[in-house]
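Notes to accompany the following structure.
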4 protein chains.
Amino acid sequence: MIHQIRVIFGDTDQMGVVYYANYLRYFESARSALLRERGFSARGLVDQGVNFPVTEASCRYRRPARYEDLIDVHIAVADRGHARVRFVYSVRRGDELLAEGHTVHACVDTSGRPRRIPPDLRAAFMPGG
Amino acid sequence: MIHQIRVIFGDTDQMGVVYYANYLRYFESARSALLRERGFSARGLVDQGVNFPVTEASCRYRRPARYEDLIDVHIAVADRGHARVRFVYSVRRGDELLAEGHTVHACVDTSGRPRRIPPDLRAAFMPGG
Amino acid sequence: MIHQIRVIFGDTDQMGVVYYANYLRYFESARSALLRERGFSARGLVDQGVNFPVTEASCRYRRPARYEDLIDVHIAVADRGHARVRFVYSVRRGDELLAEGHTVHACVDTSGRPRRIPPDLRAAFMPGG
Amino acid sequence: MIHQIRVIFGDTDQMGVVYYANYLRYFESARSALLRERGFSARGLVDQGVNFPVTEASCRYRRPARYEDLIDVHIAVADRGHARVRFVYSVRRGDELLAEGHTVHACVDTSGRPRRIPPDLRAAFMPGG
């Protein structure tokens, strides 16, 4: 899936480029969009006691994104187990690759204990999708 | 003009609502969108040596915005002088008013000295627009 | 009370100065410090069902703060009622005034209904303090 | 080196814990503190045309940090070449490990071209230090 984001001033730093931490915000924005596209609401999941805290995240920065750029965040499920899921991301401006990264999320219940990903959600997280 | 924003997780705080400072980010996002809609690029203006630093900002918080909400930021030019412009904002979720605010911006050159707003931009900033 | 903050890169924007929304973060940082200094823990208050959502905030920006600046956030209680409190702030770098602002907070319970400020906290919020 | 940070409300998300992207802000805060401790000013370096854009970053999240926590960010130089440096970080609350990560930075000049790390800075970046 591709999720489009417009870079705002508040995302940049004094180097005139997007501050490195903000790519993780962009990744999150794409994750929520992916869930919605597949018929799930992240808020609905939280209400059902299904949480996906991040256990790891990484990003490689290739070229800077700048203020007002319209960038595409490509997201895909790379892999998912019974209680975890791994997403991969690439951030592009047209044909240019700006950044690549991944996140891993555990599925936990309201008290933070690992739990199985609900079957319908697991089906929606088919790798490659 | 109305600019739509999807609230992300990173915008919320532990009260489960959008953190108060983030409304100023939403305002900024709407300002850039307004400029683009009127044929200006904020980046282009910066390149021409036309900057609009904020000299004041305020927000009144009526009801909380929450994760995943799709909110409308209404922006209008309230008033503009030779070297300053005032925007007013309201943030709505459907019919509900969530927040209202304003910002005032000085027009300055690259070295930070006050300068006249370029005529075409001044025309585009017609109050009420 | 004076609360010191070191400006980080992530606080700046491409103008090379602190992004305007971040002053509200600085104000919050000073509020928490004020509470701690007076023997209260904001987290403890939340656990007791005492919340202080912001109902209004403003800031006037005088001079820019820059990366690595060590800035002083002066905070004082301007006024407090039975179920609300108003703080005023000024941000300084040495003798220079960088920004001034205020916030107003309602005191609400866990379900968001107005409630009285607990007496010991009300005493700690003596105006001018 | 250990750099202490107080978690603010604005750093948390609706899970009641520090939002994952903010660890990268904490890392940056520790990097600046490390430079200052060794007699360098990141701002001074930028003024000399020595920039250190991030080329990669990662974080593993072990336990959540919460509002008001006083956390220790441990930072060390893991490795440095002629034109790059790698830092490793761990974030602790007392004895508890909360997160671990790394960043890699290229040394570039004002136009973004790779350049050698100035010798005195290179000496200050002695691995293990």
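Throughout, read-outs are computed from the coordinates displayed, never taken from laboratory work. Bear in mind that the values here come from a model prediction, so they are computed numbers and not experimental data. Quick reminder, even Gly has a Cβ in these numbers, built from the backbone with ideal geometry, and neighbours come from all protein chains shown.
The share of C-alpha pairs in the stretch C:58-104 whose separation exceeds 17 Å stands at 38 percent. From helices alone, chain C scores -6000 deg cm²/dmol at 222 nm; the rule is -39500 (n - 2.57) for each run of n ≥ 4 DSSP H residues, then divide by the residue total. In order along the stretch D:64-77, the phi-based Karplus estimate (6.51 cos²θ - 1.76 cosθ + 1.60, θ = phi - 60°) of 3J(HN,Hα) comes to x, 8, 10, 3, 6, 4, 9, 10, 9, 9, 8, 10, 8, 7 Hz; Gly and Pro are listed as x. In the assembly of identical copies, A:A76 has its label point, taken 7 Å from Cα in the direction of the beta carbon, separated from the corresponding points by 3.8, 4.8, 6.1 nm (ascending, one decimal). When each of A:S29, D:S90 is scored by the number of other beta-carbon atoms lying within 10 Å, the sequence from fewest to most is D:S90, A:S29.
Centre-to-centre, using Cα atoms only, the stretch B:82-129 and the stretch C:91-117 are separated by 25 Å. Cα centroids of the stretch A:49-67 and the stretch C:3-21: 22 Å apart. Spin-label pair B:A76-C:L70: with each label point 7 Å from Cα along the Cα-Cβ axis, the two points sit 4.8 nm from one another. The phi-based Karplus calculation (6.51 cos²θ - 1.76 cosθ + 1.60; θ = phi - 60°) puts the 3J(HN,Hα) values of the stretch A:11-26 at 8, 8, 10, 6, 7, x, 10, 5, 5, 4, 5, 6, 4, 5, 5, 4 Hz, whole numbers, x for Gly and Pro. When C:Y23, D:Y67 are arranged by Cβ crowding within 10 Å, least crowded first, meaning fewest neighbours, the order is D:Y67, C:Y23. Binning the C-alpha pair distances of the stretch C:1-40 at 10 Å intervals from 0 yields a P(r) profile of 28, 45, 21, 5 %, listed from the shortest bin outward. Enumerate the amide H contacts of C:H3 below 5 Å, restricted to partners 5 or more residues apart or on another chain; note that Pro and chain-start residues carry no placed amide H. Here C:V73, C:H74, C:I75 satisfy the definition.
Computed packing ranks the peptides A:80-88, D:55-63 as D:55-63, A:80-88, most packed first, by mean other Cβ atoms within 10 Å. Annotation: the residues B:F52, D:F27, sorted from fewest to most other C-beta atoms within 10 Å of their own C-beta, follow the order B:F52, D:F27. With Cα atoms as the point set, the protein assembly as shown shows a radius of gyration and Dmax of 22.7, 63 Å.
At q = 0.13 Å⁻¹, what log₁₀ I(q)/I(0) does a Debye calculation on the Cα points of chain C give, no solvent, two decimals? Scattering profile of chain C, log10 relative to I(0): -0.54.
Under 5 Å from the amide H of B:D79 lie the amide H atoms of B:R86, each residue being 5 or more positions distant or on a separate chain, with H modelled from the backbone and absent for Pro and chain starts.
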